[in-house]
1. Could you let me know the centre-to-centre spacing of the stretch 127-191 and the stretch 40-64, using Cα atoms, in angstrom?
2. How high is the FRET efficiency from residue 111 to residue 215, r the C-beta distance, R0 35 Å, rounded to 0.05?
3. Binning every alpha carbon pair distance of the stretch 65-224 at 5 Å from zero, what are the percents per bin?
4. Taking the Cα-to-Cβ direction at residue 172 and at residue 120 and moving 7 Å from each Cα, how far apart do the two end points lie in nm?
5. Highest first, please rank the peptides 61-71, 1-11, 192-202, 76-86 by the mean number of other Cβ atoms sitting within 10 Å of their residues.
6. Rank by packing, highest mean first: peptides 159-172, 209-222, 101-114, with packing defined as the count of other Cβ atoms within 10 Å averaged across residues.
7. Along the Cα→Cβ direction, 7 angstrom out, place labels at residue 46 and residue 80. What is the inter-label distance in nm?
8. Using only helices, what value at 222 nm comes out for the chain when you add -39,500 (n - 2.57) per DSSP H run of length 4 or more and divide by the total residues, to the nearest 500 deg cm²/dmol?
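What follows draws every value from the coordinates through simple rules; no lab data is involved. The structure displayed is predicted, hence computed values, not measured ones. Cβ atoms come from the backbone with ideal geometry, glycine included; neighbour counts cover every protein chain shown.
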């Protein structure tokens, strides 16, 4: 798997580009800003966008979507419960002095247990409401990822967690549709069930693992 991480925009959000090496199809996770940089990364790796996956509908995770789709094509995926946030992204942007075009319609809504594909690669959707009503994570098996953050030869699974779980923290819950109780339930019941070696690739900040968060994350430790 080709795995590229770009930290984009004034909110320093993480955008991930996952590319199937056999078919050159790509999944773009949370293209929040800097569409030119994201498009250049895709072009440099000779990839073709299959889909844009949004872990939730906040501006820092969807702001580049319309411009990328206009340039590169691809299907827009998101949970329907965050549709109201996604549609109002240009209004969100104006509050921070940012201008973005009107949002392109979501092509396909995704729910708990859905499988998405880009080329021969696949991932599974996990519903993790709390930061927003339609927050989701993407689980990709280690055999699909084929990479290790420690280059130790192992192939741990990966969780792309958006703003559900961070290195040392969790997503805020004081925004419209947020719920601390739901977020903590999502983390306990949906994420902490994965093996400790599972890589956590979040919407902001560096990579971590489920095991490390059990050790150092004060919010996670409350759940143990």
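1. The stretch 127-191 and the stretch 40-64 have Cα centres spaced 18 Å from each other.
2. Working from the Cβ atoms, E equals 0.60.
3. Calculated over all Cα pairs of the stretch 65-224, the distribution is 2, 9, 16, 20, 19, 16, 11, 6, 1, 0 percent.
4. Result for the modelled spin labels: 4.4 nm.
5. Highest-to-lowest ranking by the protection proxy: 61-71, 76-86, 192-202, 1-11.
6. Working: 159-172: 23.2, 209-222: 16.4, 101-114: 14.2.
Ranked from most to least packed, the peptides come out as 159-172, 209-222, 101-114.
7. 4.1 nm
8. -6000 deg cm²/dmol
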